Amino acid sequence: MTLTRPTSQMNWIGRSLTRSVGVLFALTLTTAVATTDYVRIQDIALERYGDNAVMTVNDWQSLINQIAPLTNAEKLKAVNDFFNKRVLFVDDIYNWKESDYWATPLETMGVLKGDCEDFTIAKYITLLLAGMPMEHLRLFYVKAKIGGVNSTLSQAHMVLSYYEQPTSTPLILDNLIPDIKTANNRPDLTPVFSFNSAGIWVGGATAAASNDPAAKLSRWSDLIERMQNEGIQ
């Protein structure tokens, strides 16, 4: 598939879509991150995955506590590095025996493997737990060029984007490239749509016609429920 580059910054900012779905997510996830039962998370980590997973969860909890008073920029770097350095990229079919599975942060830390959605979800939830205001963050579906910006090969991909202001060019947290870069310095990525706990945004005019974001996000409710069962409730 030959991709076209975004024509303007508005492709990364997008337009709001399906606010009713966004309200449902906002209510659910706001409740989910209100309290975190770290003892329960550690107990489940030990039961499912063993001592090494408990050590990873302890490191994760320490990370959240340590970065809570830091600036947003410092939080972004610490969380991006934590998961990029510890988690090995593995496709869902090999990791979870499913073609498309959204893992909870505990599941990702338990096996220390995951695909792009797992990296992005873990970073998003961790930043929220560390006090990052939700309105700064979006989980972003993109098309990523494989083999360089001039490649005609692409694949679906997810990254986490950070907006200093609603109309700012976002910073991109990605498992493919360890450094955090602005979106205009990632010409290999073409935005499709994004979402967070407040709603959904379409990245470009063609995206709305070729994708159904609300349908794709049916996995989000299941993810939230599983996180609640694990101690983020």
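Cα centroids of segment 116-133 and segment 60-81: how far apart, whole angstrom?
Centre-to-centre (Cα) distance: 11 Å.
Run down the aspartates and glutamates and flag those whose C-alpha is under 19 Å from the C-alpha of residue 77, throwing out any fewer than 8 positions away in its chain.
59, 117, 118, 135, 164, 174, 179
Which trypsin sites (Lys or Arg not before Pro) in segment 66-167 sit in a loop by DSSP (not H, G, I, E or B) and have at most 10 other Cβ atoms within 10 Å of their own Cβ? Walk me through the numbers before you get to the answer.
Details: sites: 75, 77, 85, 86, 97, 113, 123, 138, 143, 145; in loops: 97.
Counting only loop positions with at most 10 other Cβ atoms within 10 Å, the trypsin sites (Lys or Arg not before Pro) in segment 66-167 are 97.
Give me the one-decimal nm value for the distance between modelled label points at residue 65 and residue 165, 7 Å along each residue's Cα-to-Cβ direction.
Computed distance between label sites residue 65 and residue 165 equals 3.7 nm.
With label points built 7 Å along Cα→Cβ from the Cα atoms of residue 85 and residue 37, find their separation and express it in nm.
3.2 nm
What's the ranking of 99-107, 176-184 by average number of surrounding C-beta atoms within 10 Å, highest first? Don't jump to the answer; show the numbers that get you there.
Values: 99-107: 20.6, 176-184: 14.7.
Averaged packing, sorted descending, gives the order 99-107, 176-184.
Reachable lysines from residue 97, Cα under 29 Å, same-chain residues fewer than 8 places away excluded?
Those lysines meeting the cut-off are 85, 113, 123, 143, 145, 216.
Coordinate-derived values only; no laboratory data. In this text, all values refer to a predicted model and were calculated from it rather than measured experimentally. A quick note on method: Cβ atoms are made from the backbone with ideal geometry, for glycine too, and the neighbour counts reach across all protein chains shown.
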